[in-house]
Every structure is written in structure tokens, then in C-alpha cells.
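Comments concern the structure below.
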Amino acid sequence: MSPTAISQETSLQIKVCRVLCIFFMMYVHVKPQLDTCADSMDGTLTLISFILVDLFGRASVPALSVISGFLVVSSLLKSGLAKLAQERLLTLIVPMAFWNLTVIALTLAAVLALGQKSQLMDELSGQGLTQLLIFKVLAINNAGAIVPLNFLRDVFVCALLSPVLLWGSRRFGWAALVAVWLGGLFVGFAPVVYRPHVLMFFSLGVFIAERGWRLDPPPWLLILLASLFVGFEWARHLDLLSSAPTFWEPWHQVVRRAALSGLFISISLRLARAPLADRLVRIEPAIYFIFLAHEFFFRIFWGVWSRAFGSDLGFPYHLFFIANPIIWMLLGVQLNRLIDGAPRWAQMVVRGKHRRQPKKLVAPRPEPQPLG
């Protein structure tokens, strides 16, 4: 496969992977975000959180980063950097800014109407209009109003760096990829890219596409990564890594992300060949909008739930937690269809892409017949 050619099967695989990744990623952000509430969870919720948040949820960003890097190569070679930057600005930054503003407005309304305290409002206090625009709306410093959407800021910067990554892959091969990964592990890329693993896995996607390889990790690699992942988890459980946590923890995190994202990508390829793919692909046109808007609606869901049932994380919160992404995905698909009828500019602002409504076929009127 050439660097510019993406097969129909790979295209289908990417669509399936996007749906799976964003679905499980949403569990990380269900309110009140369980990774901040470990002391308040019972054993059942702790297990649910480990599976849906720590394993599947956190595997999503690396897998999506690989896909973004993989796709950027063909876009860069076909359109050039200027066109690529313009397209990514419209699809990533514009809708990110819109939803950041929307959440700021929602939070302000909740504070004024209900008198609720808000961490976001505390962060906004004392900021001028320029600071608000730069930091909370455009997320220049990785501190946007919607934390999950900061990922889009990093992907946009990665896209701008893609010519350098592609040149490095062609000129130095594996050495360039290893250099990026070692830099991410031990140095970091802030303030250029705030999440180092985004650039690390993005560069991997670029490397795979430049080589003309398929998105299909070989079984031996998956087994190796899974073995390393289990080994790290077991060593952590036995407290064997505490002697040098600053050295071992970055390796632990990158092995975990590599193993689980590789598994996601591999499963997506198998699902793309299965009958279930048709159902998942029907969701894919709405999945980016679902990602953009999920934090906004999760805040509303949590506001309604906490006022009706309180903030306790005991049962039946377990059902609320599991149901949140499912309900929002079903609702988001329907809302996305409504947005299809909006003007082009509105579609671009809300979801970063526009889709033309199919023209309705109107039966031709019969020719008037002459009298007599």
C-alpha cells in the first residue's frame, strides 16, 4: 500500500475504531469523574472503573492519535501543509472553541440560577476577555474549559509538525521514531504538545503510513506488549517499582497505552470484516459530534442526577455511570441528524464538518392539456 492509498477495508477499520474509542473514552469523563473519587467508591464501582476507565477508556487517545497520524500523511501529500492546516483549523479548533464557550455559558448560568459552586468559575475569576479567549476558549496552554477537548489542540499542533515527522521517517527511519518516543518518555514536548503520548503515537501513525503498512499489529507484538503490561501491573501491585518511580512509571504508562491501543486497532480490523461493522459504521458520521458535545451533556446529566439522587457514589449510581455514554450516544446520533439541516457555517462551527442534505425528488408536474 502506498503512503497515499487507503484501502476500503482500512477506511472501514478506522471508522469502527473511532466509534469504539470515543464510546469508551467517554467513560473517563462521566461525572464526577471516578479517578478523582477513589476513596468514595465501593468494590463493584472500583472494578467497573478499572475496566471501563483505566483500561478501555485510556486506550482511546493513543489509538486515535495513531489514526490521526496515519491519515495525515495522505492529506499532506495530496494537499500540502497550508491546505492541511486550514482544514484542521476548521475541523479541530473552531468546534473546540465553540464547545468551550458553550460550557462556560452553561456553568455561568448554573452559578447564577442555582448558586452552585464551580471549579471552572473559580478558574475564570480575575481573567480578562483576552485571557479567557486565549486560555479557556482556544486552549493555548492546554487549559481549555473542556479538558477532554484539549486533545484536539495537541492533534492540531501534531498536524502542523507532520512535515517534519514525515521527513524524519523518510530520512532516518526507525531512529526518528525512537527519538520521538524517548523524548516523550523522558523530556516531554510542552509547551508545543502538552500530552507527550499524543505526539508519540501520532508519529507512530505517520511512520506506519510512510512505510505503506496496514493498521494491523502482528500477533507477536500484541502478545509481547500484553506480557509487558501484565508484568508492570503485577510489579506495581507488589510495590516493586517504588524504589525508582520517576524512571519506571513513564515506561509503565507507555506500555499500557501501546498494548491497549494496539488491541483496539486490531479488534477494529476484525470487526470491520464482521457483520457488526454495518451497525457501527452507521454511528460513525455522528461520532465526532458526540465527542465534541459529550462533556456539555454529561454536566447536564450529572446536574439532574445529583439534584434528584444526591452525589453519593453508591448504588444506583453504578447504573447512571454505565448508562451515561450509551444514552448520550443514542441521543447524539439523533441530534447530529438534526444538525444536517442547519446552514453550512453552523454545521462547521458545531461539529467541524458539513453534510449536504439529499435533495428531495419532486415529481414533475403534468403538462396542462389543451381544452376541447
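The values are calculated or read from the model by the stated rules, or taken from the named source; none is laboratory data. None of the values given here were measured: they were computed from a predicted structure. Here Cβ is always computed from backbone atoms with ideal geometry, including for glycine, and neighbour counts include all displayed protein chains. Heavy atoms of the whole protein, side chains included, go into the accessibility calculation; ligands, DNA and RNA do not. Shrake-Rupley method; radii C 1.70, N 1.55, O 1.52, S 1.80 Å.
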Once all protein chains are kept in place, LEU276 shows an accessible area at probe 1.4 Å, nearest 10 Å², of 80 Å²
Using only helices, what value at 222 nm comes out for the chain when you add -39,500 (n - 2.57) per DSSP H run of length 4 or more and divide by the total residues, to the nearest 500 deg cm²/dmol?
-22500 deg cm²/dmol
How would LEU319, LEU161 rank on accessible area, largest to smallest, probe 1.4 Å?
LEU319, LEU161
Accessible-area order for LEU263, LEU204, largest to smallest, probe 1.4 angstrom, reads LEU263, LEU204
Highest GNM mean-square fluctuation, the chain, Cα pairs closer than 10 Å: which of MET41, MET25, MET96?
MET41
Rounded to whole Å, sorted largest first: equivalent-ellipsoid semi-axes of the stretch 142-282, Cα gyration tensor
24, 23, 18
HN-Hα J couplings of the stretch 86-96 from phi, Karplus 6.51/-1.76/1.60, θ = phi - 60°, integer Hz, Gly and Pro as x?
5, 5, 5, 4, 6, 8, 10, 7, 4, x, 4
Taking the chain and dividing mean pair separation by its residue count, relative contact order in percent (alpha carbons under 8 Å, at least six apart):
29 percent
Karplus 3J(HN,Hα) series, Hz, for the stretch 52-67 with 6.51 cos²θ - 1.76 cosθ + 1.60 (x for Gly, Pro)
7, 9, 5, 8, 5, x, 7, 7, 6, 4, x, 5, 5, 5, 4, 4
Selected from PRO217, PRO196, PRO275 as most flexible by GNM, with the chain as the system and alpha-carbon contacts under 10 Å:
PRO275
For the stretch 1-92, averaging the sequence separation of alpha carbon pairs under 8 Å that lie six or more residues apart and dividing by its residue count, the contact order in percent is 40 percent
As straight-line cross-link partners of LYS353, the qualifying lysines (C-alpha separation under 21 Å, not fewer than 8 residues apart within one chain) are LYS15, LYS78, LYS83
Sorted by accessible area (1.4 Å probe), largest first, how do HIS252, HIS354 line up?
HIS354, HIS252
Rounded accessible area per residue of the chain, 1.4 Å, Å²
52 Å²
Value of Rg to Rh for the stretch 198-356 (Rh from inverse mean 1/r over Cα pairs, i.e. Kirkwood):
1.05
Accessible area of ILE223, 1.4 Å probe, to the nearest 10 Å²?
110 Å²
How much length is gained if the chain between LEU224 and ALA346 is pulled fully straight, taking 0.36 nm per residue apart and subtracting their Cα-Cα distance, in nm to one decimal?
39.2 nm
Residue of GLU249, GLU210, GLU295 that the Gaussian network model of the chain assigns the largest fluctuation, springs spanning Cα pairs under 10 Å:
GLU249
For the stretch 2-66 and the stretch 238-287, what is the centre-to-centre distance using only Cα atoms, to the nearest Å?
7 Å
Using amide H atoms built in the peptide plane, which far-off residues or other-chain residues are under 5 Å from PHE189 H to H?
none
If exposed means trypsin sites (Lys or Arg not before Pro) lying in a DSSP loop and surrounded by at most 11 other beta carbons within 10 Å, then the longest stretch of the chain lacking such sites spans residues 118-355
Which three extents, in whole angstrom, do the alpha-carbon atoms of the chain cover along their principal axes, largest first?
103, 57, 47
Mind checking the full-extension length gain between SER79 and TRP251? Use 0.36 nm per residue of separation minus the Cα-Cα distance, one decimal, nm.
58.3 nm
Obtain the radius of gyration and the Kirkwood radius of the stretch 11-51 from its C-alpha atoms and give Rg over Rh.
1.15
